[in-house]
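Reviewing the structure listed below.
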Amino acid sequence: MTTITVIRGDGIGPEIMDATLYVLDAMQLGLSYEFADAGMVALEKHGELLPEATLESIRKNRIALKSPLTTPVGGGFSSINVELRKRFDLYANVRPARSFPNTKARFPGHVDLITVRENTEGAYIGEGQSVSEDGETAVLTQKVTRKGSERIVRYAFDLARKTGRKKVTVVHKANILKSTSGLFLKTAREVAAQYPDIECNEMIVDNACMQLVMRPEQFDVIVTTNLFGDIISDLCAGLVGGLGLAPGANIGTDAAIFEAVHGSAPDIAGKGIANPCALLLGAGQMLDHLGRTDQAERLRGAIVATLEAKDSLTPDLGGTGTTQTFAKAIASRL
Ligand code: NAI
Ligand code: MG
């Protein structure tokens, strides 16, 4: 029996989590759930956005499945998600983008790539941000370390090896950002030399964006710094048909949190029409992480079969199904 922390989240969070747990239960994986609160629900119930009991639960179980959290504007953390990544040093943000049948993807071509984004450094350190008193000048400090670069690039190469992928593309802007992106690239080259079995190439970020749109099939694993990874992974989600299909894992040494890339979607919350696939695919990443790749493949297979059959698809995919009927259709194909 493996116990995982489950955060049902805000907005559409509880709906897509119920649907996801329905499918996981149907798989009879021997998972048990410890429910913990975070976000607006936690604020209302416990008076804080990220209660100690929730942190303790993740610390203990080391695995969490998390629905989106609404970050209230003003006060508290800048983002609960960023705060969680910081607390548990979840340095690797792993975001696969894969073409599925019958989506609204712009191109019929096959996309199957993984963005590995550094999750704790770069432009997102939350330090050294200031605006001058006259409001005319703003400053931001970026920080890149050899240690941080080394572990994320190593993570990307190990992931490539483990999943039978052939190539890692290091995306950078070292020609202009000579210090930060320069150190990242230099370190990446050193790490790459230790993986002679994996092809490595380098690409400057602006060109990488154009190449991703024109010839996405040339990419296999992308490794890059925080800001570039944030933007590139959304670009990739767009390539394969949108937010309802984009999962992400936040991985550290002592804990890992699996989620959908999208937010709490307040515009459709409570209507029962949210697409549960992104969180389900996040649960698939969780099963991979737990070493249960066969079960992860089983889950992904049932999702693909349901998309192929156009059975109970939610409105974002052009169907008339609901979150629950979509989940039931997936569960029936496990
Ligand atoms: P959003 O991702 O919640 O919604 C953007 C658009 O995509 C909306 O039209 C929404 O209806 C649609 N959408 C999102 N997920 C969907 C799904 N599963 N099925 C069908 N349609 C879906 O982004 P938005 O509106 O900018 O953010 C809303 C809240 O979510 C904010 O408070 C934000 O801070 C939070 N957020 C939380 C994240 C997390 O917990 N990881 C990530 C991003 C945003
Ligand atoms: Mg983002």
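Some points to look at:
- Charge dipole of segment 142-285 (Cα centre as origin; +1 on each Lys and Arg Cβ, -1 on each Asp and Glu Cβ, all else neutral): 420 debye, rounded to the nearest 20.
- Cα-based reach from LYS86 at 20 Å (exclusive), listing aspartates and glutamates while leaving out same-chain residues under 8 positions away: ASP37, GLU48, GLU52, GLU56, GLU118, GLU121, GLU127, GLU150, ASP230, ASP254, GLU259
- Charge sum, other residues only, whose C-beta stays under 13 Å from GLU48's C-beta, Lys/Arg counted +1 and Asp/Glu -1: -3
- Take each peptide in 130-143, 226-239, count the other Cβ atoms within 10 Å of every residue, and average; sorted highest first, the result is 226-239, 130-143.
- Net charge of neighbours whose Cβ lies under 11 Å from the Cβ of ARG298, counting Lys and Arg as +1 and Asp and Glu as -1: +1
- Label zone (LYS45, point 7 Å along Cα-to-C-beta; backbone nitrogen cut-off 13 Å) within segment 244-273: none.
- Close Lys pairs in segment 112-239 (alpha-carbon distance under 17 Å; sequence gap of 8 or more, or different chains): 6.
- Ranked list, fewest to most other Cβ atoms within 10 Å of each Cβ, for CYS277, CYS209: CYS209, CYS277
- Where labels lie 7 Å past Cα in the beta-carbon direction, separation of ASP294 and ILE231 in nm: 4.4 nm
- Between ASP254 and ASP158, the contour length at 0.36 nm per residue exceeds the alpha carbon distance by 32.8 nm.
- Ordering of 172-178, 189-195 by burial proxy (mean other Cβ atoms within 10 Å per residue, highest first): 172-178, 189-195
- Hull-based mean projected area of segment 112-239, where the convex hull spans the alpha carbons, in square nanometres: 8.4 nm²
- Estimated dipole of the chain in Debye, rounded to 20 [Cβ of Lys and Arg +1, of Asp and Glu -1, Cα centre]: 960 debye
- Legend: P(r) of the chain from all alpha carbon pair distances, 20 Å bins from 0, whole percents, reading 31, 59, 10, 0.
- P(r) histogram, all alpha-carbon pairs of segment 181-334 included - 5 Å bins from 0, percent: 2, 8, 14, 17, 18, 17, 12, 6, 4, 2, 0
Read the figures in this text as sums done on the coordinates, not as results from a lab. Note that the coordinates shown come from a computational prediction; the quantities given were computed from them, not determined experimentally. Please note: Cβ atoms are built from the backbone with ideal geometry, for glycine as well, and neighbour counts cover all protein chains shown.
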